[in-house]
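Notes follow the structure.
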Amino acid sequence: MVIDAAGFAYSDQWGDDPSIELAQSVKTWKKNGTRVILLPQALGPFTTEKIQAAMKTVAENVDLIFPRERVSYELLTDLTGERANIRQAPDFTNLISGVIPADFDAEQNRFCIVPNCRMLDKTDQQTRDAYLPFLITCTRYLLEKGAKPFVLVHEGKGDLALAEKLSSAVGGIPIVRESGPLEIKGILGACSGTLGSRFHGLVSALSQGVPALATGWSHKYQMLFEDYGFPEGLVQVTSDEAEIKRKLDLVTDESARIAALIQTRTAELKQQSEQMWQQVFATIDQCNAANRSVQPDQVTA
């Protein structure tokens, strides 16, 4: 059994190689009788001939593929056609409960800013140049509003470097570093709101009913906010200052309304995740049953 939880790897934005490697692997696995499941993840776009051929091979040789949202589903099925093994399901981390670290000060750290260094290497030059100034503008306005902003380093040295530059530029707001995913989710759930560019940081906030704004570098951000019924939560880093402030007012001054709006979708998305796992476990059970039916002398390397 092979379970792929790549998150976002099979797309033009990551080049042909990941998709080609997967296609080669699934053909080998299929010959060996190995079951393969791609857990919910963002997929596409697929515009080169190599990546298109690879993803067609993948779809023909795996047991289940779960595009995470509407655009990923459409990009894949436009290429492969509708298939019974392609089923849309949301990001499954919405089922996980967070843990608030004992040393986290939820009174002093209220509004969470989550930077993402991918905004500097997966975007066009205009977006790249505007990203840090955008974060600085947002943070200064949050300080003016008394929102008690802080920076959460979601992952990696690149995010930490952005956090340090941002904090320094606005007079030294707190930087929280936490490596545990459950603790990160706990912190985000304890906040009054968040402005983020890390996809799973945004899932962690939205799935707990926390008002969020997002900047992103692929369709997965737009689709996440569409799924949670809050498409206005997307903000462009190249927006003028008035528009940036309007968006921040939305998740601070109208936080109760936005939280209620998000929560109306949360239960449905969690139910979809539970259904996805039922399908995964059914496939695993089929694999186990097939293995039990094979006699020892039938097993080959």
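Per residue, the stretch 212-301 exposes an accessible area of 55 Å² to a 1.4 Å probe, with every protein chain left in place.
Would you mind classifying the stretch 187-301 by shape? Square roots of the alpha carbon gyration tensor eigenvalues, ordered a ≥ b ≥ c; an a/c under 1.5 is rounded, otherwise it is prolate if a/b is larger than b/c and oblate if not.
Here the stretch 187-301 falls in the prolate category.
From the residues GLN208, TYR228, ALA242, which one has its Cα farthest along the dipole of the stretch 202-251 in the positive direction, the dipole being from +1 and -1 charges on Cβ of Lys/Arg and Asp/Glu about the Cα centre? Selected residue: GLN208.
At full extension, ILE284 and GLU82 could sit 70.4 nm farther apart than now, given 0.36 nm per residue minus the alpha carbon distance. In the full protein context, the stretch 1-75 carries 43 Å² of accessible surface per residue, based on a 1.4 Å probe and ignoring ligands, DNA and RNA. Shape class for the stretch 117-224: rounded, because the ratio a/c of the largest to smallest gyration tensor axis (alpha-carbon atoms, square roots of eigenvalues) is under 1.5.
Under 13 Å Cα-Cα from LYS30, which aspartates and glutamates qualify once same-chain neighbours fewer than 8 residues away are excluded? Counting by Cα, and skipping residues close in sequence, LYS30 has these aspartates and glutamates nearby: GLU60, ASP63. The apolar share of the surface of the stretch 83-213, taken as the fraction of accessible area on carbon and sulfur atoms (1.4 Å probe, ligands and nucleic acids excluded), comes to 49 percent. Of the residues ALA260, PRO67, GLY15, the one whose Cα sits farthest towards the positive end of the charge dipole of the chain is PRO67 (charges of +1 on Lys and Arg Cβ, -1 on Asp and Glu Cβ, taken about the Cα centre). Stretching GLU49 away from ARG246 to a fully extended chain increases their span by 66.6 nm, per 0.36 nm per residue minus the current alpha-carbon distance. Amide H contacts of VAL2: ARG35, VAL36, ILE37, each under 5 Å away and 5 or more positions distant or on a separate chain (H built 1.01 Å from N in the peptide plane; Pro and chain starts excluded).
Here the stretch 144-163 and the stretch 24-54 have alpha carbon centers that stand 36 Å from each other. Here Rg/Rh (Cα atoms, Kirkwood Rh) was calculated from the structure, and among [x] 1.02; [y] 0.97; [z] 1.26 it sits at label [x].
Taking Cα centre as origin and charging only the Cβ of basic (Lys, Arg, +1) and acidic (Asp, Glu, -1) residues, the dipole magnitude of the chain rounds to 280 debye. The angle between the Cα long axis of helix 70-80 and the main principal axis of the chain comes to about 30°, on a 0 to 90 degree scale. For ALA5 and ASP105, the difference between the fully extended length at 0.36 nm per residue and the C-alpha to C-alpha distance is 32.7 nm.
Protein heavy-atom accessible surface, 1.4 Å probe, per residue over the stretch 88-127: 51 Å².
Taking the accessible area of the stretch 1-49, probe 1.4 Å, and keeping the other protein chains in place, the carbon and sulfur fraction comes to 50%.
Can you tell me which of SER72, SER218, SER97 moves the most in a GNM of the chain? Springs connect C-alpha atoms under 10 Å apart. Most flexible of the set in this elastic network: SER97. Residues whose amide H lies under 5 Å from that of LEU195, counting only those 5 or more places away or on a different chain, are CYS112, ILE113, VAL114, LEU213; hydrogens are built 1.01 Å from N in the peptide plane. In the chain, the DSSP-assigned H stretches of four residues or longer account for a calculated mean residue ellipticity at 222 nm of -16500 deg cm²/dmol, using -39500 (n - 2.57) per stretch and the full residue count as denominator.
The values are calculated or read from the model by the stated rules, or taken from the named source; none is laboratory data. Keep in mind the model is a prediction, meaning the values are calculated, not measured. Every residue, glycine as well, gets a Cβ built from its backbone with ideal geometry; the counts of neighbours run over all protein chains shown. The area values use the complete protein model at the heavy-atom level, side chains included, leaving out ligands, DNA and RNA. Shrake-Rupley method; radii C 1.70, N 1.55, O 1.52, S 1.80 Å.
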